[in-house]
Structure formats: structure tokens, C-alpha cells
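The values are calculated or read from the model by the stated rules, or taken from the named source; none is laboratory data. Please read all numbers here as calculations on a predicted model, not as lab measurements. Because the Cβ atoms are built from the backbone with ideal geometry, glycine has one as well, and the counts that use them run over all protein chains shown.
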Amino acid sequence: MEPLARLRLQLTAWYAGVLVLVLAVLGIGLFFTVRRQMARHLDVSLRAAAAALEQAARIRETEQAGAHGAVVDAVDELHIPDRSLYLLDQDVHPIKPAALPDRIRDAIREAAEGKHPYRNLDAPDGRELRVYVERFTGTTGKAYVAAVVADRMELENEYTSLIEAFAAAALAALLLVAGGGSFLVRKSAAPVERSMEQMRRFMADAAHELRTPITLLRTRAEVAASQERDPASDAATFQAIEREAARLGEITGGLLTLARADAGEWPVVRETLYLDDAIAGAVDATRALADQRHVFVEVGSVEEARITGDPALVRQLLLIVLDNALKFTPEGGRVRLDVSAENGRAAVVVSDTGIGIPAEQLSHVFERFYRGDGARHAAGGAGLGLAIAQWIATVHGAHIDIASEPGRGTRVAITFPLAAA
């Protein structure tokens with residue numbers, strides 16, 4: 001299994017595990033809370049049943065002028081579902097029904113004589129009963145004991161229903177989280193996968209680009225070492241070594257710049273500078289290359305444009321764009337620069353009459369080590385310049401837009417935000 005696939009699986013398992021833990025803690029807390037509330041509700045219902053029995057007994061005593069059978073009639077006439085009613089005298093002797101099981105009578109006696117009116121009782125058939133006892137005085141002044149018994153199994157049935165409903169909801173939530181977690185993990189891991197793929201491709205391209213000049217340097221050095229000394233041959237060899245060393249230095253420098261940029265370790269200076277002055281400096285710096293290639297460099301309309309940025313990096317950005325324009329413009333061609341400022345933005349436009357870029361390659365020109373094919377690939381370079389230019393533009397809040405038509409030239413527009421006045 002690939003490391004990223006294993007990572008996705010582990011993250012999904014972690015999501016599901018954390019959810020299970022949360023649901024378990026929530027379920028246990030909810031269960032005990034509801035259980036307590038249900039037990040309290042049962043006690044309240046027992047107390048209400050006892051109160052109903054007392055009220056019925058007093059009413060019957062009043063109607064029948066204190067006759068002994070009055071309270072018995074009250075018990076017979078009062079029906080409360082799932083509740084057993086018992087009436088006893090003040091000495092806890094049963095009145096209605098006339099006989100009680102010893103377990104129930106003992107529990108009623110303990111509750112009547114104790115401070116706590118509730119008792120739990122185990123029935124012979126294994127059920128657990130809840131007993132509530134309350135003393136009261138009838139209308140004739142005679143004391144009685146009212147007892148109500150309920151089966152706690154009704155609580156267990158409610159607990160079971162609650163657990164089943166919660167378990168079903170938890171299972172559904174777990175399935176949803178597992179599916180959703182897997183989807184979110186894939187989404188969140190996608191940038192990491194792309195970054196790793198870009199890094200692998202970057203390392204492979206870097207190794208390929210570095211291998212060529214290193215191989216040439218070693219080969220020329222071996223050949224020179226195996227031959228007899230000849231000034232003319234040695235001079236040619238040293239010139240070739242110098243070219244490859246310069247190419248190696250260019251690639252290494254570009255790699256170092258991008259590595260420091262990716263790590264956020266490149267210090268970017270923020271100061272006010274003028275794009276028209278930066279353009280003039282960049283044109284002067286590339287004048288020798290333009291003369292060597294017999295390409296005419298023209299500075300068109302230039303407006304004063306003040307921006308905030310790093311002078312060295314802005315200069316490097318302009319040099320990269322100018323160098324590309326000169327490199328891919330054939331002898332006798334033209335390169336033109338214009339600077340404008342409007343609507344809070346400053347634009348530097350570099351246009352040339354070079355070989356142009358095919359439409360299908362425009363979306364790849366900022367990729368590292370990308371040099372296209374054909375004439376652009378043959379022009380040399382490591383393919384890092386525009387990647388560095390893109391980074392410089394990004395840290396300055398600028399945007400680079402490239403339009404090109406093969407055989408007719410390329411237009412590069414770099415748009416900076418103007419500095420506040």
C-alpha cells in the first residue's frame with residue numbers, strides 16, 4: 001500500500017475512532033441522565049398514585065360517615081394502570097387486600113417506619129419492584145398507611161428502547177462519518193499529494209538538469225587529462241568547462257532561490273521604488289545581450305509608477321522577462337517595454353517579435369524545468385526563470401499574464417499594486 005493511501009486510511013480510522021469515543025461518552029452520560037430522570041418520574045407517579053388513594057379514601061369516608069368499609073371501597077374503585085394499591089392501618093396491618101405477601105408487607109413496614117418512603121424489592125419471579133409508602137389521616141381522625149407498588153421492568157423496557165434507538169443513530173452517524181471522513185481526507189490530502197508529486201517531479205528534473213553539465217565537465221576533464229598539453233586545445237577545453245560550470249551555477253542558483261522561497265526563508269525587503277527607474281536599469285543590464293543577438297530594444301511609453309517592494313527582486317523579475325524576450329527573438333527582431341499606471345495598478349508590458357509560444361504550452365510556462373519543445377527547448381536555459389518570476393510576483397501582490405502567437409511574438413504583462421501616496 002502506498003504511504004499516502006495508508007495515511008488516508010489511518011486518518012479515516014482516527015476520525016471514526018474519535019467519533020466512537022465521543023458517542024460512547026455521550027451515550028453513557030445520556031443513559032445515566034435519562035435513567036435518573038425516568039426513575040424520578042416513576043417515583044413521582046408512585047407518589048401521585050398514593051395521593052389519589054388518600055383522596056379517594058377521605059372522600060369515601062365522608063360520603064359514608066366514617067364507615068369502616070368506606071376506605072375498602074375506595075381501594076376497590078380506584079384503578080391506576082400498572083400500579084398495585086395497598087391500604088394498611090397505622091400498625092401496618094393490611095386492610096385492603098386483607099392479606100399481603102411477606103416480602104411486600106416487610107418492605108412497606110420498613111418504609112413506613114423509616115425516614116425514606118421508597119424501597120426496592122425483589123419479587124420471587126426475579127422482577128424488581130419499587131414501593132412507595134405514605135401515612136395519612138382520614139376524615140374521622142383514623143390513621144392509615146397507603147402503599148403503591150410498581151414494576152421497575154417498565155424502566156428497563158424504556159432503557160432498552162433508548163439504547164436501541166441510540167445504537168441505531170450511532171451506527172448511522174459512524175457510517176456517515178466514515179464515508180464523509182474518507183471523502184474529507186481525500187480532499188484534504190489532495191494538495192499534499194500534488195505537492196509530493198510536484199516535489200518528486202522537481203527532484204527528478206533537477207537531477208536530470210544537473211547530470212548533463214556534470215557529465216560534460218567530467219568528460220572534458222578526463223579527455224583533457226589523457227591528452228598531451230596543447231595551448232589551443234586546452235583553451236577550448238577550459239572555455240567549454242567554463243560554459244558548463246556557468247550553466248551548473250545557474251541551475252544551482254535557481255534551485256537555491258526556489259528552495260528558500262518554498263521554505264519562506266528568503267527575506268523580502270519592503271521599500272518604495274519606481275518601476276520606470278527599475279525598467280531603465282534592466283534595459284541597461286541587458287543591452288550587451290541585445291547587441292550580441294542583434295535585437296533592437298525599444299522603451300515605449302513610460303509613466304511614473306511608484307510601488308512597494310524589494311528592489312533586488314523586482315529587478316530580477318524584470319531581467320528574467322527581458323532575458324526570455326531576447327533569448328527567443330531571432331536576429332533583427334524587436335523587444336518593446338511600456339510602463340503605465342491607472343486604477344491603482346502599475347503595469348509593465350514586455351512584447352517581442354519572437355518565435356512565440358503554442359497555446360497548449362501557455363499553461364505550463366511557470367512550471368519548474370519546463371522549456372516546451374522545439375526551438376524554445378533548443379534555446380537553452382534550465383526552465384527555472386519563469387518559476388522564479390512567478391514567485392517574485394506573488395510576494396509583491398503582482399500578477400503575470402502571458403499572451404502569445406506562434407511566429408508573431410509574445411506579450412508579457414506584469415501588474416503591480418501602486419504604493420499609497
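Restricting attention to region 32-51 and to residues that are in contact with a Leu (Cβ under 7 Å, 6 or more places away or on another chain) and over 25 Å from Glu77 (Cα atoms), the residue that is surrounded by the most Cβ atoms within 10 Å (Cβ to Cβ) turns out to be Met38. Being modelled with pLDDT under 75 and either in a helix (DSSP H, G or I) or within 30 Å of Val22 (Cβ to Cβ) (or both) is a description that does not apply to Glu242. The condition of being surrounded by fewer than 21 Cβ atoms within 10 Å (Cβ to Cβ), in a loop (DSSP other than H, G, I, E, B) and touching a His at 6+ places or on another chain (Cβ under 6 Å) holds for only one of Glu331, Glu304, that being Glu331.
List pairs: first residue in region 275-299 and under 19 Å from His396 (Cα atoms), second residue among the aromatic types (Phe, Trp, Tyr) and surrounded by 14 or more Cβ atoms within 10 Å (Cβ to Cβ) anywhere in the structure, Cβ distance under 9 angstrom, at least six positions apart or on different chains. What qualifies is Leu275/Phe416. Among the residues of region 95-122, the ones that are over 16 Å from Glu134 (Cβ atoms) and touching a residue at least 24 places away in the same chain (Cβ under 8 Å) come to 2 in all.
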